[in-house]
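A.B. asks: Have a look at this one before I ask anything.
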Protein chains: 2
Amino acid sequence: MIKAEIITIGDEILYGQITDTNTQWISAELDKIGIKTVRKSSVGDTEEAILTIFSEATSRADVVLVTGGLGPTKDDITKKTFCKYFGTKLAVHEQALIDLKAFFQKRGREVTGLNLGQAELPLNATYIQNKLGTAPGMWFEQNGVIYISMPGVPYEMKGLMSDAILPRLQGHFKTPTIFHQIIRTVGIGESILAEKIADWEDALPENLKLAYLPSMGSVKLRLTGFGENEEVIKAQVASEVQKLIPIIEEFVYALEDIELEVAIGRLLKEKGLTVSTAESCTGGYLAHQFTKVAGSSSYYWGSVISYDNSVKINQLGVRPETLDQFGAVSEETIIQMSENVRQKLGTDFGLATSGIAGPDGGLPDKPVGTIWIAVATKDKTYTQKLQLGGFREQNIHLTSINILNLLRKVLK
Amino acid sequence: MIKAEIITIGDEILYGQITDTNTQWISAELDKIGIKTVRKSSVGDTEEAILTIFSEATSRADVVLVTGGLGPTKDDITKKTFCKYFGTKLAVHEQALIDLKAFFQKRGREVTGLNLGQAELPLNATYIQNKLGTAPGMWFEQNGVIYISMPGVPYEMKGLMSDAILPRLQGHFKTPTIFHQIIRTVGIGESILAEKIADWEDALPENLKLAYLPSMGSVKLRLTGFGENEEVIKAQVASEVQKLIPIIEEFVYALEDIELEVAIGRLLKEKGLTVSTAESCTGGYLAHQFTKVAGSSSYYWGSVISYDNSVKINQLGVRPETLDQFGAVSEETIIQMSENVRQKLGTDFGLATSGIAGPDGGLPDKPVGTIWIAVATKDKTYTQKLQLGGFREQNIHLTSINILNLLRKVLK
């Protein structure tokens, strides 16, 4: 097993001033190529702390990945500390300087004093170009251990990892051939899913491993095959997926790593169908799920968010007597909302949500978390009642996932 | 200086399968009471890894905070490993058992086999009740070092920290009296803000420290006073804040730690004013900013999301000839959107957004990131053109912050 250790350098992370999203991403990417992270650490911007963690990590890991501390200011001491650790010094790296100048030139600027220092690397570093920023990536080898230094800016780090470092690690460690198959599910919890597929999972060949990656409202399965020959592993994985699908078919929405709203967007685009929404309790969150997907304007036409009952009546044409008799959170209201928005906006589908998101506003017969959703089509309107919990943001999110899932089922 | 080390136990975090939000929160809370985090680490669910990090941390820190590995299943080995580390053993803790049984009873369930084990604690542990879950908190002392063990479930951990552990740490270490004043700003970047207030910051008394806590589109300032007498520190901080405000008055939206949409919601409620929105490029995200705030239904009435031009024309009454002549992304269109939504929904303010969120859809004269925003009132419509970048989600988020800020200025 090849062992990795990930080190984040910077006081802002240590003191909780900024969120570290890098280490999770790096460890997940390493996992995909068969490298196991054995320790993650954050240390501050002091030479002593950095030198200590370098020597600790060296004793445990085959590869040490370091992010942060590469900026142009005097707080950023990662490079100097690498020099001290390796007993070497900084010098201008010719190619790094050329790339740095080109980076600035493209943006119509000159490289100035502090930034010039970014072309200086420890003498034993292998230079890795950072196409998205000014701090280069670096690769070191000493006594069989690999050290990688990257900037802390997430998209720069991701660019370096994907373009250069992950392929290089695979080559260097001759990691086993690995093939992943993602199976994305919705509408089933992790434990029930695990029970349903337990027999299948237990019968998996030794070189195939299943991982459950749950998030709120959906579970991602990742089936990984390890071996020597890629074609053989691929065929093995495919054959197991073929056995799995029939067991959980109604919950599977994609065999690749995409969000539910992306999968639905593709379905709508393929079929040339359009959607509008009428939102009460989700209050724009459902529309945002559609519209955060690039290109969604071709199938998503718009929404009427009717937070106030006057908007339900005047903009959506919900009958006041329906609201009086059954209330805003009712099947009768949701049917009118979904059918009317569909008709008014002239789309194939009309989606509607109405419920008590909380934390206040619960009624004896309609506690917080009582939510109605509906999908109206030309011929039929599908409704569903949800009974969720007491947390507002969670109720909004889960309502959105549930109605997207209802639309998915209607689309099939 | 009192030094803390935070340790997260669990393979799911190590392999990047779940996001660790605990360590950031813990370190930020420790920072507030004057305890400095010197190292954060994640290790897997193995005895060896846990014992190693325990002894490393012991050599560096005055307090070691550990989360995770307290579940009822056999993967969860934190308690057993603490026993090994301290040379003690597990035994049923009477009060823990009483609380555990009460916890289950309240939910109409019996405590069963595996869960019963959660009332077993190392003999040297001080029991700390977890009111929100079944895994107790624990406090150990050995050779002057404090060890704290908490469950990994974020809201359980936060409950334990806030109710019991933070006050106990303050008592134990007799940390200096600390007073924080938050100053929340919007509409100014970190570096320009820092320049503007440099003279003020340089002249701060020695026992006052300023922290910059930036997030996308806004910067939070935290002025912290350290000392002996709380009243004296409070007065000192208040006097410095009084000098600061005039320098950055136009950017300050709150002197407490609340989001912009919460501050605006309070202003609207106070003044008895209502808002509606007409969204194109923000696609529901702006509505969600309003509606995610509990109680927002009293001032936020609804939105028309006009992603398709037909919705702009039919639901918002934008004139087709305006769209033809100036395009959807224009001052002329945004004025009609904001004024018409205000009138149609019958609110005091009408907010509108229209722009090219990207990544596609840019035009030579309107590149991706070109966005118009407007706030219509009874008497006047305020417009603003934004020139943002190439990232869709970022453009949506920043547009939303900018228009909320425009509304804030209009409200004042």
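A.B. asks: Quick one: would you say B:D365 is surrounded by fewer than 19 Cβ atoms within 10 Å (Cβ to Cβ) and either at pLDDT below 95 or within 8 Å of chain A (Cβ to nearest Cβ) (or both)?
C.D. replies: Numbers: surrounded by fewer than 19 Cβ atoms within 10 Å (Cβ to Cβ): yes; either at pLDDT below 95 or within 8 Å of chain A (Cβ to nearest Cβ) (or both): yes.
So B:D365 fits the description; yes.
A.B. asks: If you take the residues in segment A:368-389 that are outside any strand (DSSP E or B) and of a type in the set (A, V, I, L, M), which one is surrounded by the fewest Cβ atoms within 10 Å (Cβ to Cβ)? Give the steps one after another, and end with the answer.
C.D. replies: Within segment A:368-389, the subset outside any strand (DSSP E or B) is A:368-369, A:377-380, A:388-389.
Subsequent filtering for residues that are of a type in the set (A, V, I, L, M) retains A:368, A:388.
Values: A:V368: 20, A:L388: 22.
Ranking the qualifying residues of segment A:368-389, first place goes to A:V368.
A.B. asks: So for segment A:138-151 (the condition being under 21 Å from the mean Cα position of the chain (by Cα), buried (at least 20 other Cβ atoms within 10 Å of the Cβ) and not in a strand (DSSP E or B)), does at least one residue qualify?
C.D. replies: yes
A.B. asks: Report yes if some residue within segment B:124-135 is assigned to a helix (DSSP H, G or I) and either at negative phi or not assigned by TED's automatic domain parsing to the domain that holds B:D31 (or both); otherwise report no. Write out each step before concluding.
C.D. replies: Let us first name the residues in segment B:124-135 that are assigned to a helix (DSSP H, G or I), namely none.
So far as segment B:124-135 goes, no, none of its residues is assigned to a helix (DSSP H, G or I) and either at negative phi or not assigned by TED's automatic domain parsing to the domain that holds B:D31 (or both).
A.B. asks: Let me ask you something else. With the condition kept exactly as written, say whether any residue in segment A:293-301 is over 25 Å from the mean Cα position of the chain (by Cα) and either assigned by TED's automatic domain parsing to the domain that holds A:L406 or farther than 18 Å from A:S400 by Cβ (or both).
C.D. replies: Of all residues in segment A:293-301, those over 25 Å from the mean Cα position of the chain (by Cα) come to A:301.
Next cut, either assigned by TED's automatic domain parsing to the domain that holds A:L406 or farther than 18 Å from A:S400 by Cβ (or both) only: A:301.
Yes - at least one qualifying residue is present in segment A:293-301.
A.B. asks: So, one more: Residue under question is A:T399, and the condition is that it be crowded, with 21+ Cβ neighbours inside 10 Å, touching a residue at least 12 places away in the same chain (Cβ under 8 Å) and among the hydroxyl-bearing types (S, T, Y); does it hold?
C.D. replies: Working: crowded, with 21+ Cβ neighbours inside 10 Å: yes; touching a residue at least 12 places away in the same chain (Cβ under 8 Å): yes; among the hydroxyl-bearing types (S, T, Y): yes.
Criteria met by A:T399.
A.B. asks: Being among the polar types (S, T, N, Q) and within 7 Å of chain A (Cβ to nearest Cβ) is the filter here, so list the residues in segment B:288-314 that pass it. Don't jump to the end; show me each part of the working.
C.D. replies: Initially, segment B:288-314 is screened for residues among the polar types (S, T, N, Q), giving B:289, B:291, B:296-298, B:303, B:306, B:309-310, B:314.
B:T291, B:S297, B:S303, B:S306, B:S310 - these are the residues of segment B:288-314 that are among the polar types (S, T, N, Q) and within 7 Å of chain A (Cβ to nearest Cβ).
A.B. asks: Please find, among B:N229, B:N314, B:N340, the residue that is surrounded by fewer than 19 Cβ atoms within 10 Å (Cβ to Cβ) and within 25 Å of A:L316 (Cβ to Cβ).
C.D. replies: None of the other options fit; the residue is B:N314.
A.B. asks: Name the single residue, out of those in segment A:52-68 being within 25 Å of the chain's Cα centre (by Cα) and of a type outside the set (A, V, I, L, M), that is nearest to A:F179 (Cα to Cα).
C.D. replies: A:T67
A.B. asks: Same structure again: Only one residue in B:T224, B:T277 is within 14 Å of chain A (Cβ to nearest Cβ) and modelled with pLDDT of 95 or more, so which one is that?
C.D. replies: Matching residue, one of B:T224, B:T277: B:T277.
A.B. asks: Pairs only if they're at least six apart or on different chains, beta carbon under 6 angstrom, first in segment A:192-213 and closer than 15 Å to A:F179 by Cα and at pLDDT below 95, second among the hydroxyl-bearing types (S, T, Y) and surrounded by 12 or more Cβ atoms within 10 Å (Cβ to Cβ); list them, first residue then second.
C.D. replies: Sorted first by the residue in segment A:192-213, then by its partner, the pairs are A:K209/A:T224.
A.B. asks: A further question follows. In segment B:33-55, which residue that is touching an Asp or Glu at 6+ places or on another chain (Cβ under 7 Å) and modelled with pLDDT under 95 is farthest from A:I13 (Cα to Cα)?
C.D. replies: Checking each candidate, the answer is B:D45.
A.B. asks: Can you tell me which residue among A:Q242, A:Q289 is closer than 30 Å to A:K209 by Cα and of a type in the set (S, T, N, Q)? I'd like the intermediate steps shown before the answer.
C.D. replies: On the way: A:Q289 fails: closer than 30 Å to A:K209 by Cα.
Unique residue meeting the criteria: A:Q242.
A.B. asks: Hey, any hits in segment B:68-89 for a residue that's within 14 Å of chain A (Cβ to nearest Cβ), of a type in the set (S, T, Y) and surrounded by 17 or more Cβ atoms within 10 Å (Cβ to Cβ)? Before the answer, list the steps.
C.D. replies: The first filter runs over segment B:68-89 and keeps only residues within 14 Å of chain A (Cβ to nearest Cβ), leaving B:68, B:71-73, B:75.
Now restrict to residues that are of a type in the set (S, T, Y): B:73.
Next cut, surrounded by 17 or more Cβ atoms within 10 Å (Cβ to Cβ) only: none.
No, segment B:68-89 has no match at all.
A.B. asks: Any residue in segment A:219-241 that is part of a loop (DSSP other than H, G, I, E, B) and more than 28 Å from A:L406 (Cα to Cα)?
C.D. replies: Initial filter on segment A:219-241 (part of a loop (DSSP other than H, G, I, E, B)): A:228-229.
Right, trim to more than 28 Å from A:L406 (Cα to Cα) and you get A:228-229.
Yes, the conditions are met somewhere in segment A:219-241.
A.B. asks: Okay, next question. Being part of a helix (DSSP H, G or I), more than 7 Å from chain A (Cβ to nearest Cβ), modelled with pLDDT of 95 or more and touching a strand residue (DSSP E or B) at 6+ places or on another chain (Cβ under 8 Å): is that true of B:A263 here?
C.D. replies: On the way: part of a helix (DSSP H, G or I): yes; more than 7 Å from chain A (Cβ to nearest Cβ): yes; modelled with pLDDT of 95 or more: yes; touching a strand residue (DSSP E or B) at 6+ places or on another chain (Cβ under 8 Å): yes.
Yes, satisfied.
A.B. asks: Scan segment B:11-51 for residues that are more than 8 Å from chain A (Cβ to nearest Cβ), over 24 Å from the mean Cα position of the chain (by Cα) and assigned to a loop (DSSP other than H, G, I, E, B) and jot them down.
C.D. replies: B:D45, B:T46
A.B. asks: Of the residues A:T333, A:T347, only one is closer than 23 Å to A:G390 by Cβ and either surrounded by 23 or more Cβ atoms within 10 Å (Cβ to Cβ) or within 13 Å of chain B (Cβ to nearest Cβ) (or both); which?
C.D. replies: Values: A:T347 fails: closer than 23 Å to A:G390 by Cβ.
Going through A:T333, A:T347 in turn, just one is closer than 23 Å to A:G390 by Cβ and either surrounded by 23 or more Cβ atoms within 10 Å (Cβ to Cβ) or within 13 Å of chain B (Cβ to nearest Cβ) (or both): A:T333.
A.B. asks: Please find, among A:V63, A:V38, the residue that is in contact (Cβ under 8 Å) with a residue 40 or more places away in the chain, surrounded by 16 or more Cβ atoms within 10 Å (Cβ to Cβ), in contact with a helix residue (DSSP H, G or I) (Cβ under 7 Å, 6 or more places away or on another chain) and farther than 18 Å from A:E156 by Cα. Outline the logic, then answer.
C.D. replies: Working: A:V38 fails: in contact (Cβ under 8 Å) with a residue 40 or more places away in the chain.
Within the list A:V63, A:V38, the selection yields A:V63.
A.B. asks: So which residues in segment A:61-77 are modelled with pLDDT of 95 or more and outside any strand (DSSP E or B), if there are any at all?
C.D. replies: Looking only at segment A:61-77, we keep the residues that are modelled with pLDDT of 95 or more, and these are A:61-67.
Answer for segment A:61-77, where residues must be modelled with pLDDT of 95 or more and outside any strand (DSSP E or B): A:A61, A:D62.
A.B. asks: Could you list all residues from segment A:105-138 that are charged (D, E, K, R) and within 21 Å of A:K89 (Cβ to Cβ)? Reasoning before the result, please.
C.D. replies: Within segment A:105-138, the first condition is being charged (D, E, K, R), and the residues that meet it are A:106-107, A:109-110, A:120, A:131.
A:E120 - this is the single residue of segment A:105-138 that is charged (D, E, K, R) and within 21 Å of A:K89 (Cβ to Cβ).
A.B. asks: Just checking: which of the helices (runs of 4 or more DSSP H) contained wholly in segment B:154-208 hold 3 or more residues that are under 26 Å from the mean Cα position of the chain (by Cα) and outside the structural domain of B:T67 (by TED's automatic domain parsing)?
C.D. replies: Values: elements: B:154-160, B:166-173, B:190-196, B:198-202.
Answer list for segment B:154-208: B:190-196.
A.B. asks: When the residues of segment A:78-107 are filtered to those that are assigned to a helix (DSSP H, G or I) and among the charged types (D, E, K, R), which remaining residue is farthest from A:E120 (Cα to Cα)? Walk me through how you get there before you give the answer.
C.D. replies: The initial filter retains those residues of segment A:78-107 that are assigned to a helix (DSSP H, G or I), namely A:78-86, A:94-106.
Imposing the further condition that a residue be among the charged types (D, E, K, R) reduces the set to A:79-80, A:84, A:94, A:99, A:101, A:106.
Details: A:K79: 9, A:K80: 10, A:K84: 15, A:E94: 9, A:D99: 12, A:K101: 13, A:K106: 21 Å.
Here the answer is A:K106.
The values are calculated or read from the model by the stated rules, or taken from the named source; none is laboratory data. Here the structure is a predicted model, which is why all the values come from computation and not from measurement. Neighbour counts are summed over all protein chains in view; Cβ atoms, including those assigned to glycine, are modelled from backbone coordinates with ideal geometry.
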